[in-house]
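K.L.:
Here's a structure for you.
The values are calculated or read from the model by the stated rules, or taken from the named source; none is laboratory data. Since we're looking at a predicted model, the values are computed, not measured. Virtual Cβ from ideal backbone geometry, glycine too; neighbours counted across all protein chains shown. Areas reflect the complete protein model, heavy atoms only, side chains present, ligands, DNA and RNA absent. Shrake-Rupley method; radii C 1.70, N 1.55, O 1.52, S 1.80 Å.
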Amino acid sequence: MSQPAAAASGTDGGLVLASGPGRWVLLATVLGSAIASIDATVVGIALPAIGRDFHAGLGALQWVVTGYTLTLAGLLLLAGALGDKYGRKRVFVIGVAWFAIASLLCAVAPSAGFLIGARALQGVGAALLTPGSLAILEAVFRPDDRSKAIGAWSGFSGVGTAIGPFLGGWLVAAASWRWIFVINLPIAIVVVAVTLRHVPESRDPAATAPIDVTGGVLVTLGLIGLTYGLIDGPGGHWTEPLVLAALLGGLLLLAVFLWWEHRTPAPMLPLNLFTSRQFTATNVVTFVVYGGIGGALFLLPIQLQQVSGYTALQAGISLLPVTAITLALSQRSGALAARIGPRLQMSVGPVLVGLGLGLFTLITASGDYLTEVLPGVLVLGFGLAVAVAPLTSTALSSVPPEHAGMASAVNNDVARAAALIAVALLPAAGGLTGDAYQHPAVFSAGFHTASLIAGGLCVAGGVLAAVTIRNPSRATAAAVAAKRHGPLLHCALDAPPQS
């Protein structure tokens, strides 16, 4: 081996972060995850403009968000297994290319229905590329550099998430909402080119079992049926045959999915993880809290633009403190939880999040940022910073260390599924259906009700954590820390909850 090659690969064959090849790998994975996280951020800001262009009702706007989340949540675990078995680089490249093609279809969509279908295709691409970016870093860097590489990936991804609302708002205001999808294309071309040239292929040699395609299909179709019924049912449609069939069929398919996962020898979702009461409690808290957050943040940009008169750019900028606070404090919050245990922060954090969402009831037609918007944004950001890192570490520490990666993936998927269901259900719970978003007074009243409901859910999540979460012993915490090579991120850090 030549001296430069040895310096790049390290003594154990893994890449060195400070080498040229290491930097190329980091660039590919950061940009790859960025197109998914930025896209998820900017779509929420663009919803009012999309609604105006297509003369679409609130239900169609819900589908623009949930169509993407459905396929992402349904296929995320399956995609991770595909990468482990057939090559993480290969699946990552396919995901980026798929995402780019779907983005182009979104950009040229002639109707709301076409856009929703293209968004569902985008979710498939995101499911393929999302687990690959972090898995590649884990696989190709030497052990001493994995933590640094993942930390750098986390920081740069956070910057991408922060840029998303500003970029999306500017594109909508300066050109058209269609440009929020066009911007993905040049980034995707760079990612594919860099990955093909510089990223080594990696597989899990132990991944010899058949891929659980049946499980992936069952859970995705079940979520589609359930979501359709929840979106279309409000407004007096609950008894219509199609709505009833969708609801009952979705619930039946999800029940069959659980039966299948229990029966198949190589499940997509190992149900034995839930024999841990701590893991089960953590995921129930995750579901409740991220449901509240996801539903409220779907409605907030519409409230700011349609009621308070914000431009798309102003609405995007208004949410930046949430990302800034979370990124600045989450590492310290995780360190504190490692010392004192997660129970206190998992109890207090969701209550603060709920208070922040409740403060959104201050937002009226005047829309004064300092007195009406900023208080809720600051409390929400601080609550997320307190809760997210302990929540993730608890999901990891409550299962055997060799299952930590799967536990993190399941917890992430639970959060996305919760946001998906909340986006479908919360508007109706607030009395918002049809073209309500086009009537400022009607929408504002419904938004205030929905914010209180969402805040109440988060407070309930904090109470639930106080009752069910237990601080692990020091020996357990040390064992988990010893098995980890770096931070395993939650969707609150790598993408907004409604994604």
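K.L.:
At a probe radius of 1.4 Å, what is the per-residue accessible area of E240, in Å² to the nearest 10?
P.N.:
80 Å²
K.L.:
Quick check: from the Cα gyration tensor, does the chain come out rounded (a/c under 1.5), prolate or oblate?
P.N.:
On the way: a/c = 1.42, a/b = 1.33, b/c = 1.07.
Rounded, because the longest to shortest axis ratio a/c is under 1.5.
K.L.:
Full extension from H237 to R339: what is 0.36 nm times the residue separation minus their Cα-Cα distance, to one decimal in nm?
P.N.:
Once the chain is fully extended between H237 and R339, it gains 31.5 nm.
K.L.:
Once both labels are modelled 7 Å past Cα along the beta-carbon direction, what's the M406-V442 spacing in nm?
P.N.:
About 4.9 nm separates the two model spin labels.
K.L.:
Moving to a separate point now. Hey, how many Å between the Cα centroid of the range 380-423 and the Cα centroid of the range 121-145?
P.N.:
When both Cα centres are located, 18 Å separates them.
K.L.:
While we're on this one: What spacing in nm lies between the two simple spin-label points modelled at S366 and R332, each 7 Å away from Cα in the Cβ direction?
P.N.:
3.3 nm
K.L.:
How much length, in nm to one decimal, is gained on full extension between Y86 and L374, taken as 0.36 nm per residue of separation minus their Cα-Cα distance? Each step should come with its number before you reach the end.
P.N.:
Numbers: separation 288, 0.36 × 288 = 103.68 nm, distance 4.70 nm.
Once the chain is fully extended between Y86 and L374, it gains 99.0 nm.
K.L.:
Taking a quarter of the surface of the Cα convex hull of the range 198-266, what do you get in nm²? Before the final figure, lay out the partial values.
P.N.:
Numbers: hull surface 28.8 nm².
One quarter of the hull surface, i.e. the mean projection, equals 7.2 nm².
K.L.:
To the nearest 10 degrees, how steep is helix 343-358 against the longest Cα principal axis of the chain, on a 0 to 90 scale?
P.N.:
So the inclination is approximately 30 degrees.
K.L.:
Further, regarding this structure: For the chain, calculate the relative contact order in percent as a whole number, restricting contacts to Cα pairs under 8 Å that are 6 or more residues apart.
P.N.:
Answer for the chain is 22 percent.
K.L.:
If you don't mind, there's one more thing I want to ask. Quick one: if you stick a label point 7 Å off each Cα along the C-beta vector at D144 and V182, how many nm between them?
P.N.:
In this crude spin-label approximation the distance works out to 4.8 nm.
K.L.:
Kindly identify the range 83-150 as rounded, prolate or oblate by the Cα gyration tensor criterion: order the square roots of the eigenvalues as a ≥ b ≥ c, call it rounded if a/c is under 1.5, otherwise compare a/b with b/c, prolate if a/b is larger, else oblate.
P.N.:
Details: a/c = 4.01, a/b = 2.92, b/c = 1.37.
Prolate, since a/c reaches 1.5 and a/b exceeds b/c.
K.L.:
To the nearest µm²/s, what D does Stokes-Einstein give for the range 182-238 at 37 °C and 0.692 mPa s, using the Kirkwood radius over alpha carbon pairs as Rh? Write down the numbers at each step before the final one.
P.N.:
Working: Rh = 16.0 Å.
The Stokes-Einstein estimate is 205 µm²/s.
K.L.:
Using only the Cα atoms of the range 109-208, what are the Rg and Dmax in Å?
P.N.:
Spelled out, the Cα radius of gyration and Dmax of the range 109-208 are 16.9, 51 Å.
K.L.:
Measure out, as a whole number of angstrom, how far apart the alpha-carbon centroids of the range 252-311 and the range 49-118 sit.
P.N.:
18 Å
K.L.:
Just the accessible area per residue of the chain, please: how many Å² with a 1.4 Å probe? Can you show the working numbers first?
P.N.:
Numbers: 19280 Å² over 499 residues.
Normalised by residue count, the accessible surface of the chain is 39 Å².
K.L.:
On C-alpha positions alone, give me the angle between the axis of helix 58-86 and the longest principal axis of the chain, in degrees, nearest 10.
P.N.:
On a 0 to 90 degree scale, this one is about 10.
K.L.:
Further, regarding this structure: Determine the dipole magnitude for the chain: charges of +1 sit on the beta-carbon of Lys and Arg, -1 on that of Asp and Glu, nothing else is charged, the reference point is the Cα centre, and the result goes in debye to the nearest 20. Provide the component values of the computation, followed by the final result.
P.N.:
Numbers: 23 positive and 19 negative charges, 208 e Å.
It comes to approximately 1000 debye.
K.L.:
Hey, for a label at D204 modelled as a point 7 Å past Cα toward Cβ, could you say which residues of the range 403-429 have their backbone N under 12 Å away?
P.N.:
Counting only backbone N, you get 403-410.
K.L.:
May I pose another question? Suppose only helical runs count, i.e. DSSP H with n ≥ 4. What mean residue ellipticity at 222 nm does that imply for the chain under -39500 (n - 2.57) per run, divided by all residues and rounded to the nearest 500 deg cm²/dmol?
P.N.:
Values: 19 runs with 377 residues, N = 499.
Calculated at 222 nm, the ellipticity per residue is -26000 deg cm²/dmol.
K.L.:
Helix 440-468: angle to the longest alpha-carbon principal axis of the chain, degrees 0 to 90, nearest 10?
P.N.:
40 degrees
K.L.:
In addition: Could you please report the charge total around L171, scoring K, R as +1 and D, E as -1 over all other residues with beta-carbon less than 13 angstrom from its beta-carbon? List each step's numbers first, then the result.
P.N.:
Numbers: positive: R178; negative: D39.
Cβ neighbours under 13 Å give a net charge of 0.
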